[in-house]
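Visitor: Before I ask anything, let me first share the structure, which is written out below as structure tokens.
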Amino acid sequence: MTRHLILPRPDDWHLHLRDGAMLAAVCSESARDFARAIIMPNLVPPVVTGAEAAAYRERILAARPEGRDFTPLMTLYLTEETDPADVVRAHADGIVTAVKLYPAGATTNSASGVTDFDRVRGVLEAMAGAGIPLCVHGEVTDPEVDIFDREAVFIERVLDPLRRATPGLRVVLEHVTTREGVDYVRAHDTGLAATLTVHHLVINRNHILAGGIRPHYYCLPVAKREAHRLALRAAAVSGDARFFLGTDSAPHPDAAKEAACGCAGCFTAPNALAILAHVFEEEDALDRLEGFACRHGPAFYGLPVNEGTITLERRDTPARWPARIATGDGPVTVFDPGFEVFWQVREAG
Ligand code: NCD
Ligand code: ZN
């Protein structure tokens, strides 16, 4: 049995680091294991301009633990007022790696997102021309559409027309949660990829709702039924380079999640890689973990694979991590996969 896996340092292609006291508390949790991360721009107010992204990047670098090799790859929050020239300039200057599309109202802090897709046509065309990827939160927000159907409906009503209208636009369908999402990505060869979270490989909707409501499993897109979870796992371990890791680690203070109207997001940064190794071992696919966590993402984004390495170790005793971490905004519960995990990342040094 494999006891050690030495991999190039992985990247996280979808991460929420927040700002202020929360950023200060959670940054090290990602910087420990990941070399780079695509940083989500859904702050309040959102990161909309190149100048705002540059300033946020500085705040992340200031929060980064000393001596850690961790590069934040910044994104801009697409609004109907976004200036195409600012996006292209920020990308050319190396400040911004991608642009994030949130349909207005789809998720946490998405009020400034897009309602009328015709109004962002110019930005999308400029991005296609400059090779700037669009990261997409793929859910419709139409209140008539059942929350469990919102991803599948988005693909049909929004994503496919948008891609057809903007040939050459590179798109990442983020945190894909359905078989429809996986199938759509598989069916389209060029310029399309998907990220998968660790928690969606582990939980289905029963984990959230059966036997009591579990707010720490509530995230968006919400976990779907078991058949979808199995489709996601199959995609993750398939070796298909269009699928790669984006944890969507999204910390919220416990008080905001354990509430009558709790907010969406799972905090997985501390244990994402350990759980991921467990999943790949269960699927008898440990040899494919490197592609999913370390190689497919850089290939899509046109970046080199990281030079440093990380060692994953399989021990005889279960890995331990704190149930919650302390932050200046109150405790934040760490994702509990609900089973013992024997893999862990070996501490550096
Ligand atoms: C994210 C957050 O908290 O910012 N929440 C989540 O459930 N994933 C927003 C998002 O990525 O949808
Ligand atoms: Zn997210």
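The values are calculated or read from the model by the stated rules, or taken from the named source; none is laboratory data. The shown structure was predicted, so the numbers you read here are calculated from the model rather than taken from an experiment. Glycine also receives a Cβ, built like all others from the backbone with ideal geometry; neighbour counts cover every protein chain displayed. Surface accessibility is based on the protein's heavy atoms, side chains included, excluding ligands, DNA and RNA. Shrake-Rupley method; radii C 1.70, N 1.55, O 1.52, S 1.80 Å.
Visitor: In this structure, does residue 94 turn out to be assigned to a loop (DSSP other than H, G, I, E, B) and away from ligand 1 (no atom under 16 Å from the Cβ)?
Guide: Numbers: assigned to a loop (DSSP other than H, G, I, E, B): yes; away from ligand 1 (no atom under 16 Å from the Cβ): yes.
For residue 94, the condition - assigned to a loop (DSSP other than H, G, I, E, B) and away from ligand 1 (no atom under 16 Å from the Cβ) - is met.
Visitor: Are there any pairs with C-beta distances below 6 angstrom linking a residue in region 266-280 that is farther than 15 Å from residue 323 by Cα to a residue that is open to solvent by less than 10 Å² (accessible area, probe 1.4 Å) and within 14 Å of ligand 1 (Cβ to nearest atom), with the two at least 6 apart or on different chains, and if so which?
Guide: So the pair list comes out as 276/198.
Visitor: For residue 90, only one of the following conditions fails: (1) surrounded by 18 or more Cβ atoms within 10 Å (Cβ to Cβ); (2) of a type in the set (A, V, I, L, M); (3) within 16 Å of ligand 2 (Cβ to nearest atom). What is its number?
Guide: Only one criterion is unmet by residue 90, namely (3).
Visitor: With within 15 Å of ligand 2 (Cβ to nearest atom), part of a helix (DSSP H, G or I), within 24 Å of residue 40 (Cα to Cα) and modelled with pLDDT of 95 or more as the only criterion, which of 216, 175, 200 stands out?
Guide: 200
Visitor: Can you say whether residue 138 is within 16 Å of ligand 2 (Cβ to nearest atom), outside any helix (DSSP H, G or I), farther than 14 Å from residue 50 by Cβ and open to solvent by 40 Å² or more (accessible area, probe 1.4 Å), as far as the supplied structure shows?
Guide: no
Visitor: Looking at the structure I just gave you, is residue 254 in contact (Cβ under 8 Å) with a residue 60 or more places away in the chain, touching an Asp or Glu at 6+ places or on another chain (Cβ under 9 Å) and of a type in the set (Asp, Glu)?
Guide: no
Visitor: Being free of Cβ contacts under 8 Å to residues at least 12 places away in the same chain and part of a loop (DSSP other than H, G, I, E, B) is the requirement here; does residue 149 meet it? Break it down into steps so the answer makes sense when it comes.
Guide: Values: free of Cβ contacts under 8 Å to residues at least 12 places away in the same chain: yes; part of a loop (DSSP other than H, G, I, E, B): no.
Against the criterion (free of Cβ contacts under 8 Å to residues at least 12 places away in the same chain and part of a loop (DSSP other than H, G, I, E, B)), residue 149 does not qualify.
Visitor: While we're looking at this one, here's another question. List pairs: first residue in region 34-54 and at negative phi and open to solvent by 30 Å² or more (accessible area, probe 1.4 Å), second residue within 13 Å of ligand 2 (Cβ to nearest atom) and at pLDDT 95 or above anywhere in the structure, Cβ distance under 8 angstrom, at least six positions apart or on different chains.
Guide: Sorted first by the residue in region 34-54, then by its partner, the pairs are 48/41; 48/77.
Visitor: Here is a follow-up. Being open to solvent by 40 Å² or more (accessible area, probe 1.4 Å) and in a helix (DSSP H, G or I) is the filter; apply it to region 178-197 and report the residue that is nearest to residue 270 (Cα to Cα). Walk me through how you get there before you give the answer.
Guide: Initial filter on region 178-197 (open to solvent by 40 Å² or more (accessible area, probe 1.4 Å)): 179-180, 183, 186-190.
This time we only want the ones that are in a helix (DSSP H, G or I), so: 179-180, 183, 186.
Details: 179: 28, 180: 30, 183: 30, 186: 30 Å.
Filtering region 178-197 for residues that are open to solvent by 40 Å² or more (accessible area, probe 1.4 Å) and in a helix (DSSP H, G or I), the one nearest to residue 270 (Cα to Cα) comes out as 179.
Visitor: Of the numbered conditions (1) within 16 Å of ligand 2 (Cβ to nearest atom); (2) in contact with an Asp or Glu (Cβ under 8 Å, 6 or more places away or on another chain); (3) on the phi < 0 side of the Ramachandran plot, residue 166 satisfies every one except a single condition; which is it?
Guide: All conditions pass for residue 166, except number (1).
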